[in-house]
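The values are calculated or read from the model by the stated rules, or taken from the named source; none is laboratory data. Keep in mind that this is a model prediction, so the values were computed, not measured. Using ideal geometry, Cβ is built from the backbone for each residue, glycine included, and neighbour counts are taken over all protein chains shown. To get the accessible areas, we keep the full protein, side chains included, count just its heavy atoms, and leave off ligands, DNA and RNA. Shrake-Rupley method; radii C 1.70, N 1.55, O 1.52, S 1.80 Å.
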Amino acid sequence: MTEIIFVVHEAEEGGYYAKSEGPAIFAEGDTVEELKANIKGGVECYFDNGAEMPKLAHLHFVKDEVFAL
């Protein structure tokens, strides 16, 4: 695996949360920079068992918008 994909959402209370599309890795952060650091830590922890760690993390930002019709 060379890349791991995370779906990122803005949290209602502020900040961001992310879940990977493959392994069960979750992360959150108040800023994008903090989120990235927490994702890196989560990936390193998950792949600590000797499995080959991905080289890249792809962040897919999802923004929901609601408007009146």
Filtering region 56-69 down to residues that are in a loop (DSSP other than H, G, I, E, B) and open to solvent by less than 100 Å² (accessible area, probe 1.4 Å) yields 68
Filter result for residue 19 (under 13 Å from residue 3 (Cα atoms), surrounded by fewer than 17 Cβ atoms within 10 Å (Cβ to Cβ) and of a type in the set (Lys, Arg)): no
Residue list for region 1-55, filter: among the polar types (S, T, N, Q) and closer than 26 Å to residue 65 by Cβ: 20, 31, 38
Taking region 24-37 as the search range and keeping residues that are among the charged types (D, E, K, R) and open to solvent by 100 Å² or more (accessible area, probe 1.4 Å), which one is nearest to residue 3 (Cα to Cα)? 36
Does region 38-55 include one or more residues that are open to solvent by less than 70 Å² (accessible area, probe 1.4 Å), touching a Gly at 6+ places or on another chain (Cβ under 7 Å) and not in a loop (DSSP other than H, G, I, E, B)? yes
Select from region 46-69 the residues that are aliphatic (A, V, I, L, M) and either at pLDDT below 85 or closer than 21 Å to residue 35 by Cβ (or both) and list them in ascending order. 51, 53, 56, 57, 59, 62, 66
Say whether the condition of being closer than 17 Å to residue 15 by Cβ, touching a residue at least 12 places away in the same chain (Cβ under 8 Å) and in contact with a strand residue (DSSP E or B) (Cβ under 6 Å, 6 or more places away or on another chain) is met by at least one residue in region 43-54. no
By residue number, the members of region 9-23 that are in contact with a strand residue (DSSP E or B) (Cβ under 8 Å, 6 or more places away or on another chain), part of a loop (DSSP other than H, G, I, E, B) and either at negative phi or not small (Gly, Ala, Ser) (or both) are 11, 21, 22, 23
